[in-house]
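**Student:** Here's a structure for you.
The values are calculated or read from the model by the stated rules, or taken from the named source; none is laboratory data. No experiment lies behind these values; they were computed from the predicted model shown. Cβ sites come from the backbone with ideal geometry, for glycine too, and all protein chains shown count toward neighbours.
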């Protein structure tokens, strides 16, 4: 059995936040979610998360995940440290298990790295394996001192290192793999007789090494993976790396991203091949973009499905569906629960909310469509307003196929305009329009000669 122990009990004081640092988001997902996903993807059978500060909020966020949460004691007089945190999980560790120690603030760790760590540990019959990295500037990190056979002799902290040891560029990442029985044994032997009065997991390594157990080290390929988040600066660093990964993934699958440095795509987004994403585009949440789409600058799409062949420019789309070959924008806004059919046109400064618009219909500019069901081949003119709210309740408007809504008309719900119904420009419509009728709902024009002179307005 493979077990992960994920340490997520830190207070995150350097974040200066009311939120646990592991719940801060990187590319749309909480930091801790990345570690849990990587662990599960690496065939870990049991995930144990050690929580402390803000622990209840962490549990609530992941309440639907098959995770064992263990709360670490906190407060004055409590001996902290990585070793103490791992001790909280000993009751869940089987003797014949393989245990990986991970950190809840390292969102860049990959499942392949965890898999390779397990593999290296098992294939080399090791009792403990340290995940290490080679850094050009290893300052402030513990150094890995190896013997002639490649096994670890010791881990020397920066403050204790000689000038010769400081030249070593291989460092301790703080991530480990252990035989379950030996991990529990060594944890029972460590103490907190040090300046910080804390229990350290590095002492476990030293104990096992001194007692003749096989301790090895596996070098990670990408040192960025072990980058932890303890400040907003480090959060931004991880955000940039993750954004690069996501953009490279999509480009590798046939998506053109014209300027990746100025394109924001969250982790859960899907994009079909041959779509083109322009600078300034933001794609968030569970958004899915079809093939052959063109998404131009200053467009934000959230939790929406965009079918193939769609063109969108400088618009906002939230929790909506857009059918094939539809054109949106510039400066359009699809609010939640908007459903557009095929070959629909939503043009300049058109707002749609909680409405269905079927194939081949269009609202080309300056309209508000709220709480409406629009049929096929409907033309909605400039300045049309669907009046859906009376101050207390909202009502729906139904517009049948092939209807024509003239410019600057107000459709006061509840209302139905049947198929082939025509609304004359400037009408305020309060009664239903039958099939094939022309509705003119405006005051008759009256021109009064000499009115300006009589009022003394003309000087």
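**Student:** What is the one condition in (1) in contact with a strand residue (DSSP E or B) (Cβ under 9 Å, 6 or more places away or on another chain); (2) buried (at least 17 other Cβ atoms within 10 Å of the Cβ) that residue 94 does not satisfy?
**Tutor:** Every listed condition holds for residue 94 apart from (2).
**Student:** Residue by residue through the stretch 10-41, note down the ones that are over 19 Å from residue 65 (Cα atoms) and part of a loop (DSSP other than H, G, I, E, B).
**Tutor:** 10, 11, 12, 16, 17, 18, 19, 27
**Student:** Does residue 6 satisfy the criteria of being outside the structural domain of residue 268 (by TED's automatic domain parsing), at pLDDT 95 or above, crowded, with 23+ Cβ neighbours inside 10 Å and farther than 29 Å from residue 186 by Cα? Steps first, answer last, please.
**Tutor:** On the way: outside the structural domain of residue 268 (by TED's automatic domain parsing): yes; at pLDDT 95 or above: yes; crowded, with 23+ Cβ neighbours inside 10 Å: yes; farther than 29 Å from residue 186 by Cα: no.
No, not satisfied.
**Student:** Restricting to the stretch 419-435, name every residue that is in a loop (DSSP other than H, G, I, E, B) and either free of Cβ contacts under 8 Å to residues at least 40 places away in the same chain or over 45 Å from the mean Cα position of the chain (by Cα) (or both).
**Tutor:** At the first step, the residues of the stretch 419-435 found to be in a loop (DSSP other than H, G, I, E, B) are 419-421, 424-427, 430-432, 434-435.
420, 421, 424, 425, 426, 427, 430, 431, 432, 434, 435, listed by residue number.
**Student:** Out of the stretch 112-154, which residues are assigned to a strand (DSSP E or B) and under 29 Å from residue 37 (Cβ atoms)?
**Tutor:** 128, 129, 130, 131, 132, 133, 134, 144
**Student:** Further question on the same structure: Being in contact with a strand residue (DSSP E or B) (Cβ under 7 Å, 6 or more places away or on another chain) and either assigned to a loop (DSSP other than H, G, I, E, B) or not assigned by TED's automatic domain parsing to the domain that holds residue 319 (or both) is the filter here, so list the residues in the stretch 261-295 that pass it.
**Tutor:** Residues of the stretch 261-295 in contact with a strand residue (DSSP E or B) (Cβ under 7 Å, 6 or more places away or on another chain): 263-267, 269-272, 275-278, 281-285, 287-290, 293-295.
Those that are in contact with a strand residue (DSSP E or B) (Cβ under 7 Å, 6 or more places away or on another chain) and either assigned to a loop (DSSP other than H, G, I, E, B) or not assigned by TED's automatic domain parsing to the domain that holds residue 319 (or both): 263, 266, 267, 269, 272, 275, 278, 281, 285, 287, 290, 293.
**Student:** Scan the stretch 199-206 and give yes if some residue there is in a loop (DSSP other than H, G, I, E, B) and within 29 Å of residue 72 (Cα to Cα), otherwise no.
**Tutor:** Just the residues of the stretch 199-206 that are in a loop (DSSP other than H, G, I, E, B), to begin with: 199-200.
Narrowing the set further to residues that are within 29 Å of residue 72 (Cα to Cα) leaves 199-200.
Within the stretch 199-206, one or more residues are in a loop (DSSP other than H, G, I, E, B) and within 29 Å of residue 72 (Cα to Cα).
**Student:** Considering only residues that are surrounded by 14 or more Cβ atoms within 10 Å (Cβ to Cβ) and either part of a helix (DSSP H, G or I) or without any contact (Cβ under 8 Å) to a residue 60 or more places away in the chain (or both), which ones fall in the stretch 158-180?
**Tutor:** Restricting attention to the stretch 158-180, the residues satisfying the condition of being surrounded by 14 or more Cβ atoms within 10 Å (Cβ to Cβ) are 158, 161, 165, 168-180.
Listed by number, the residues that qualify are 158, 161, 165, 168, 169, 170, 171, 172, 173, 180.
**Student:** Just name the residue that is farthest from the chain's Cα centre (by Cα) out of those in the stretch 145-197 that are within 25 Å of residue 115 (Cβ to Cβ) and modelled with pLDDT under 90.
**Tutor:** 149
**Student:** Of the residues in the stretch 218-240, how many are outside any helix (DSSP H, G or I) and either touching a helix residue (DSSP H, G or I) at 6+ places or on another chain (Cβ under 9 Å) or at pLDDT below 90 (or both)?
**Tutor:** Going residue by residue through the stretch 218-240, those that are outside any helix (DSSP H, G or I) are 218-222, 227-231.
From what is left, the residues that are either touching a helix residue (DSSP H, G or I) at 6+ places or on another chain (Cβ under 9 Å) or at pLDDT below 90 (or both) are 218, 220-222, 227-231.
So the count comes out to 9.
**Student:** So residue 132 passes all but one of these: (1) in contact with a helix residue (DSSP H, G or I) (Cβ under 7 Å, 6 or more places away or on another chain); (2) in contact (Cβ under 8 Å) with a residue 24 or more places away in the chain. Which condition number does it fail?
**Tutor:** Of everything listed in (1) in contact with a helix residue (DSSP H, G or I) (Cβ under 7 Å, 6 or more places away or on another chain); (2) in contact (Cβ under 8 Å) with a residue 24 or more places away in the chain, residue 132 misses just condition (1).
**Student:** Within the stretch 42-87, can you find the residues that are modelled with pLDDT of 90 or more, surrounded by 15 or more Cβ atoms within 10 Å (Cβ to Cβ), part of a loop (DSSP other than H, G, I, E, B) and in contact with a strand residue (DSSP E or B) (Cβ under 7 Å, 6 or more places away or on another chain)?
**Tutor:** Within the stretch 42-87, 44 is the sole residue that qualifies.
**Student:** Quick check on my filter: what residues within the stretch 352-365 are crowded, with 18+ Cβ neighbours inside 10 Å and over 17 Å from residue 398 (Cα atoms)?
**Tutor:** Residue satisfying the conditions is 365 alone.
**Student:** Here's another thing I want to ask about it. Could you give every pair whose Cβ atoms fall below 8 Å, whose first residue belongs to the stretch 14-25 and is more than 11 Å from residue 105 (Cβ to Cβ), and whose second residue is buried (at least 20 other Cβ atoms within 10 Å of the Cβ), counting only separations of at least 6 or pairs across chains?
**Tutor:** Hits for this filter: 17/24; 19/54; 25/31.
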